[in-house]
Structures are given as structure tokens and as C-alpha cells.
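Throughout, read-outs are computed from the coordinates displayed, never taken from laboratory work. Since we're looking at a predicted model, the values are computed, not measured. So basically every Cβ, Gly included, is an ideal-geometry build from the backbone, and we count neighbours across all protein chains shown.
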Amino acid sequence: MEEVNVVSGEKENVLIRAGQCAVNLLPHLGGKVASILFQNHELLQTPLKPYRLRNRTMGFNEGDASGWDECLPSVADCTVQTATGTATIPDHGDVWRMEWQTLARTENSVTLRGECFSLPLAMERKLTLTETAKGCRIAAEYKVTNTGTTDTPWSWSAHPGYAAEEGDILHLPDSIKALKIEWTRNDRLDKSDGTAAWPLAKLTAGGHTDLRISTPMHSGVGDKLFAGPLKASENWVALERPKAGVRLRVSFDAAATPYLGLWLCQDGYPEDDGLLQHCVALEPCTAPADSLAVTGPWSRVLQPGESFSWPMILDLESI
């Protein structure tokens, strides 16, 4: 595969390869993983709009809304009080909209660093791609550091939108029986008690839906759900794509990142005119809420100079 610049006229992308997998990253666009090509199948949501540089106030839907981004220090826009005053955090956080620095690069690994502007935080992410007996593995190593002089709150969520089509199957550990409903487009899911039973969830209009199975295109589905706090044995989620012949399995450290966000979308986002997402996002995260302003036992604070590290692994295999 030839390395190409996917943003005409802008800085070069970074390509890492191993076996039958190639991963394309855009450091200048928030460290975005723009493409995961495995056995000639693109595994990530493709751009809904052309790539372009971001600013500090634009909504996530104003960008390409594709690929794999990182959300730090919040997913939802919000304001939080800190020792230095009120911090205003924009939609999907800071780092997806900032240029990241390339710290190190080899043929199969790359380390990038991005900085927040709403709070004094910096993130490093190392991706290492290796061939396995069944396919390929992408190992992510994360570190967030408080670069300021006062205690700083933070939350993180991985934000990879994996391409999905009708009939794809989502797998969770058998011990998970219910998911917290963060948002459901047009009140599709019955949220009278704030949760959806897994896997058969009650619909507001009556009846049930099997959350494991991706719905057809144009179904208007957009559900954001959370599992957790998770036990050590519940540290994985998988997406099986029978038509593509691929299985994706995400694993993580449930002690470090004890929650899992799920974004199930078939034409349910964005809500403006134009192209719509067809994806399932598998999102290990630190909190069961999109907003940093929603606090609880999950809330995190870093002292000045303090860092926190955690892993995430994506295994790809043929089925």
C-alpha cells in the first residue's frame, strides 16, 4: 500500500503497517486514526464531510465525524469549576480539534501527543500494530498528565466509529444485563427507568429491539448507552461483521477504565442535512456520562504534574 496524503495541501499523514493491516493517522487533525484497512476492508466510518482544520468552538458534526478520535476532557460540552475559575469545554472535548505532535515513529508504531486548552491537560497515545496468528492487533497505550499548577478534573472516552451494516452483531460479556441510557434519538428506547435491558430492550412505541443486531440503513437509530462499572472479567466488547468476514474485539483494563460507552447509529446522526453515520462505536471510558460536569464516584482529578496511564487493545481477525 502506498502512503498518501489524505488531506490535500495539508501536512502528511502517518501510516503504520503489519501483516494484512494498515493504519492511517492524521496528527494535525487531533491525532485522528483516519483508516484501519484490514484484508482490504475499511473498518472505520468514512468521512461525512471533507477533512479540514478545526477550531476551538465548532461542533463535532461540523467536522468529518469519522474515524477514531479521542475525547478529553469531556465528551459533551459543559462548564466545570476549578481552582482557577470556570472552564468551558467544547463539544467532544479539546484534543480532537488540536494539532498533535509526533514524538516517535517506526514502521509499525507511532507515539503522538496532544494538549487541551480548556484545562491544563496533555495526552500521549502510542499505537503499535502487530500481526497475530488470526489477524492483527492494535495496542494503544495512553497517558494523561496535569500540566498545570492546581488540581484538575478530567474524563476520557475513546471515540472510534467502526463501520457497521445490517446484520452485524455486537457481543458483550454474559454477565451484563442492562445498560444506562445516555441518549436515544426520538426517544426510540423506553427510558422510563433510565436503563435498557441487554440484549432485548423495550421500545417506547411498544415491543422490543435486539440491541446486538445492527439495524438497516435509513432506520434513524442513534442510541448512546453505557455499561459499568465493569468487573475484571467484563473487560471486552466485540463486533462481528459476517458480510465483511471480520471480527473486532476491544479489550481494556476495567480497573483503570471501568465503563464502556456504546454508540449505535444507523442514520441517527448528525441531525442536520447531509450524509449520516452508519457505525457502532465501542468506547472504553472513565465515566458513565458524556459530561465532565456530571460527577459521581467515577470522577477523576489529577494533581499538578501527576499522570495516569491505561491500555486499550483492538484485535482484528477473519471469520
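Placing unit charges on C-beta atoms (Lys and Arg positive, Asp and Glu negative, everything else neutral), compute the dipole magnitude of the chain about its Cα centre in debye, rounded to 20.
Details: 29 positive and 41 negative charges, 91 e Å.
Computed about the Cα centre, the dipole is about 440 debye.
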Can you give me the long-range amide H partners of Gln45? Hydrogens built in the peptide plane at 1.01 Å from N, cutoff under 5 Å, separation of 5 or more residues or another chain.
Gly67, Gly161, Tyr162, Ala163
Please state the shape class of region 188-281: rounded when a/c is under 1.5, otherwise prolate if a/b exceeds b/c and oblate if not, all from the C-alpha gyration tensor.
oblate
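Decide, for the chain, between rounded, prolate and oblate: order the square roots of the alpha carbon gyration tensor eigenvalues as a ≥ b ≥ c, take rounded if a/c falls under 1.5, and otherwise choose prolate if a/b is larger than b/c, else oblate.
Values: a/c = 1.39, a/b = 1.07, b/c = 1.30.
Rounded, since a/c falls under 1.5.
For Met217, Met312, which order do you get if you count the other beta carbons within 10 Å of each Cβ and list the fewest first? Provide the component values of the computation, followed by the final result.
On the way: Met217 14, Met312 22.
With the sparsest Cβ surroundings first, the list reads Met217, Met312.
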Need the list of aspartates and glutamates near Lys191 for cross-linking: C-alpha distance under 16 angstrom, and skip anything on the same chain fewer than eight residues off.
Glu182, Asp210, Asp223
Normalised by the residues of region 190-304, what does the relative contact order come to in percent, with Cα pairs under 8 Å and at least six apart?
22 percent
Hypothetical label at Thr84: residues of region 297-314 whose amide nitrogen lies under 17 Å (7 Å Cα-Cβ projection):
301-307
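Normalised by the number of residues in the chain, what is the relative contact order in percent for Cα pairs under 8 Å and 6+ residues apart?
Working: 858 pairs, mean separation 58.5, N = 319.
Worked out over the chain, it gives 18 percent.
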